[in-house]
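The values are calculated or read from the model by the stated rules, or taken from the named source; none is laboratory data. The model shown is predicted, which means the values in this text are computed figures rather than measured ones. Cβ placement follows ideal geometry from the backbone for every residue including glycine, while neighbour counts extend to all protein chains displayed. Heads up: the accessible areas ignore ligands, DNA and RNA and are worked out on the full protein's heavy atoms, side chains in. Shrake-Rupley method; radii C 1.70, N 1.55, O 1.52, S 1.80 Å.
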Amino acid sequence: MIAIGSPFGLENTVTAGIVSAKGRDTGEYLPFIQTDVAVNPGNSGGPLLNMRGEVIGVNSQIYSRSGGYMGISFSIPIDEAMRVVDQLRANGKVTRGRIAVAIGEVSKEAAESLGLGRPRGALVGAVEPGGPAEKAGVEAGDIILKFSGRDIDKASDLPRLVGDTKPGTKTTLQVWRKGSTRELNITVAEMEAEKAAKAPEPRPRGEQASNAFGLAVNDLPEARQKELKIRGGVEVDNADGPAARAGIRQGDLILRVGDVDIASAKQFDPVVKALDKTKPAAFFVRRGESTQVVVVRPAAAKAQ
């Protein structure tokens, strides 16, 4: 590969290297080309060419601890860049699709606990009220496995596929919920600014937990359920031992344990006591406006 640019103001500088990876995930919507071509400040926006003289990318970023080149650089694939050009020519602006969900990765332990087998898909942490996903029936705690028939291997695949979809397009989602897949119809909306989630206020420490997972919970008042737009759930009064180590804390809401929806503290206790004490269990925990799967390894399973 050859990069042409003006690093540090030195015009028409040419550097060369090889492609290390395609579709590299750097936390952005775009799947970058990773190379070892020397790229420095002033190279951004310049072309990345192959040995046939074809432009295959636009130099964009570097990985650096010093501010200068350290052997890793990233370029925007040319087909992605041309897609933006086409939209600007046609509409004067760039539009991206959205389905209004907050997502996270599916860990190996979470996949095993939920019967998914291997880690894949995108875990839905929050569903925006009134958004396309809510209208389609997507729920917090679902794992999105496919979008428009295309597999979601990791969470970052979903925003790329959705973002490249024209707003207004009607398509399908395949989600994993309570041990089985479901097909949902969804209409993609246009990307807009994200909303920040509110963190719960700290509360006085509650009673000591007595179960193997280290959790003590209280009922969630109906008024609070309506405010949060959820059905059921319990509030963590205290988290000790295994639950605390897994990251559950006082004030969190537990909506589901494994495939069982939690409606009350009275129901929660027997559900937890019935769990296999030698295996980790998946707790669907809501904190603020986001729901996550927290895998808790009970005290009896520590030595295994």
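The residues of the chain expose on average 53 square angstrom of accessible surface per residue, using a 1.4 Å probe on protein heavy atoms.
Each stretch of four or more DSSP H residues adds -39500 (n - 2.57); spread over every residue of the chain, this sum gives -4500 deg cm²/dmol at 222 nm.
Cα-Cα pairs above 26 Å in the chain: how many percent? Could the numbers behind the result be given before it?
Details: 26068 of 46056 pairs.
The proportion of pairs with Cα distances above 26 Å equals 57 percent.
Considering only Cα-Cα distances, which of the following residue pairs are longer than 31 Å: 93/154; 226/277; 178/229; 178/277?
On the way: 93/154 29 Å; 226/277 34 Å; 178/229 20 Å; 178/277 20 Å.
Violating the 31 Å limit, Cα to Cα: 226/277.
Note on residue 135: aspartates and glutamates with a C-alpha under 19 Å away, same-chain residues under 8 apart excluded, are 183, 190, 192, 194, 227, 289.
Neighbours of residue 175 by Cβ distance under 10 Å: Lys/Arg scored +1, Asp/Glu scored -1, total 0. Once the Cα atoms of helix 78-91 and of the chain are each reduced to a long axis, what angle between those two axes, in degrees from 0 to 90 to the nearest 10, is obtained? Rounded to the nearest ten degrees, it is 90. Excluding residues fewer than 8 places away in the same chain, name every one of the aspartates and glutamates whose C-alpha is closer than 16 Å to that of residue 266. Residue 266 reaches 207, 219, 222, 235, 237. Please work out the C-alpha center-to-center distance from the range 21-95 to the range 147-187 and express it in whole Å. Between the Cα centres of the range 21-95 and the range 147-187 lies a distance of 26 Å.
Between the residues 291, 257, 50, the greatest Cα displacement towards the positive end of the dipole of the chain, with unit charges on the Cβ of Lys, Arg, Asp and Glu, is found for 257.
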